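Enquirer: Below you'll find the structure I mean.
The values are calculated or read from the model by the stated rules, or taken from the named source; none is laboratory data. No experiment lies behind these values; they were computed from the predicted model shown. Cβ: placed from backbone, ideal geometry, glycine included. Neighbour counts: every protein chain shown.
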């Protein structure tokens, strides 16, 4: 997944000419959190009760990556 993520980021910045990407994951999803961290996204914060699923409200953690951060 790390290699796929790198290709998506590269495409987003180099082909689509985006300046900033924002991703999120449910706080309980540790595998997604580790992947996002491996891809060098910066933690922004947490949205509380942002998604209702299976009778429960879930929190999201948010991360960002700018083209300048990616080039480092």
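Enquirer: So, in region 37-65, of the ones that are touching a helix residue (DSSP H, G or I) at 6+ places or on another chain (Cβ under 9 Å) and touching a residue at least 24 places away in the same chain (Cβ under 8 Å), which residue ends up surrounded by the most Cβ atoms within 10 Å (Cβ to Cβ)?
Expert: 41
Enquirer: Inside region 11-26, can you point out the residues that are surrounded by fewer than 16 Cβ atoms within 10 Å (Cβ to Cβ), out of contact with any helix residue (DSSP H, G or I) (no Cβ under 8 Å at 6 or more places or on another chain) and either on the phi < 0 side of the Ramachandran plot or in a strand (DSSP E or B) (or both)?
Expert: First pass over region 11-26, keeping only residues surrounded by fewer than 16 Cβ atoms within 10 Å (Cβ to Cβ): 11, 14-20, 22, 26.
Now restrict to residues that are out of contact with any helix residue (DSSP H, G or I) (no Cβ under 8 Å at 6 or more places or on another chain): 11, 14-17, 22.
Once the filter is applied, which keeps residues that are surrounded by fewer than 16 Cβ atoms within 10 Å (Cβ to Cβ), out of contact with any helix residue (DSSP H, G or I) (no Cβ under 8 Å at 6 or more places or on another chain) and either on the phi < 0 side of the Ramachandran plot or in a strand (DSSP E or B) (or both), region 11-26 yields 11, 14, 15, 16, 22.
Enquirer: A further question on this structure: Within the set of pairs 6 or more residues apart or between chains, which connect a residue that is over 11 Å from residue 60 (Cα atoms) inside region 25-36 to a residue that is assigned to a helix (DSSP H, G or I) with Cβ atoms less than 8 Å apart?
Expert: Cβ pairs passing all conditions: 35/2; 35/5.
Enquirer: Answer yes if at least one residue in region 18-40 is over 23 Å from residue 4 (Cβ atoms) and modelled with pLDDT of 95 or more, and no otherwise.
Expert: no
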